[in-house]
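Take a look at the structure below.
The values are calculated or read from the model by the stated rules, or taken from the named source; none is laboratory data. Being a predicted model, the structure only gives us computed values, none of them experimental. As a convention, Cβ positions derive from the backbone with ideal geometry for all residues, glycine included, and neighbour counts pool all protein chains shown. These accessible areas exclude ligands, DNA and RNA; they are computed on the full protein's heavy atoms, side chains included. Shrake-Rupley method; radii C 1.70, N 1.55, O 1.52, S 1.80 Å.
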Amino acid sequence: MLLVSCLAPIFVGFFFRFAIPFLDAILMGCFHMAAILSPYYKLVDILFANLTPIMFCFVSAMVSLEETDEKIAVYLFITPLGKTGYIFARFGVTAIIAFFVTIILLPFFKLTDLPLITILLLAVGGTLQGLIVVLLVLTISSNKLEGMAVAKLSMLPVFGAAIPFFIKSNVQYAASPLPSFWIGKAIIENMSLYLLPALVLSVVWICFLLKWYLHKI
């Protein structure tokens, strides 16, 4: 299952890249409309940029929960590796790998014309989202079974990116505490400046959840 999770971004990427435009063409022909799905292609690119880090970090979360269940993590904490080394090895290395994989995959599977700097920023934002998800899973769950359930719920904050696409009034700012909201707003309004609050909020979320996780263990 964990192996499939790592390969999932490739399978989903092919679906996004080829199936969605094909489905869009069919729908436009059926309803005789000039655009149906194409206005949301940018949202699809955002979701894909988040997918790889989240899947990779989900695998790390499951491994970490297994080590916690088997009391391995506790013993690793008192080795020269320490808590900091353990956290970096489990989550930091995974996040770095996911960042580079996103940079490689996103140009192949993107549906819109994204400049290189935007791809890099989306990869950074997606990586931070992945870390938020893994820390949510670890702080709320006490075993692998709970981790599977919590992982599904922890994906919900990622869909804050969709709010600027569907809600145009100021009500949308009710979702402003979510980093993904600002990522969606930056892409739909083509203003990279909005990515700054996304990065700051992501760091705040990560620091809070990391402190909670360290207190828990």
At R0 = 41 Å, FRET efficiency that the Cβ-Cβ distance of VAL74 and LEU116 yields, to 0.05: 0.40
Inverse of mean 1/r across different Cα pairs in the chain, Kirkwood, Å: 18.2 Å
Largest-first principal axis extents, alpha carbons of region 30-70, Å: 59, 18, 7
Within the chain, helix-based [θ] at 222 nm, where runs of 4 or more DSSP H residues each add -39,500 (n - 2.57), nearest 500: -23000 deg cm²/dmol
Cβ charges +1 (Lys, Arg) and -1 (Asp, Glu), total dipole of region 112-217, debye: 280 debye
Label-point separation, LYS152 to LYS211 (7 Å along Cα→Cβ), nm: 3.2 nm
Heavy-atom accessible area per residue - region 39-95, 1.4 Å, Å²: 43 Å²
Semi-axes of the equivalent ellipsoid for region 94-145, Cα gyration tensor, largest first, Å: 27, 10, 9
Average Cα contact separation per residue, region 113-217, under 8 Å, 6 or more apart, as relative contact order %: 31 percent
Sulfur and carbon atoms: percent of accessible area, the chain [1.4 Å]: 77 percent
Cα convex hull of region 140-217, projected area averaged across orientations, nm²: 5.8 nm²
Normalised per residue, the volume of the convex hull around the Cα set of region 40-112 (Å³): 73 Å³
Summed residue charge, Cβ within 10 Å of PHE109's Cβ, Lys/Arg positive, Asp/Glu negative: +1
Most mobile listed residue (ALA175, ALA198, ALA162) in the chain, GNM with C-alpha springs under 10 Å: ALA175
Debye, to nearest 20: dipole size of the chain, +1 on Lys, Arg Cβ, -1 on Asp, Glu Cβ: 260 debye
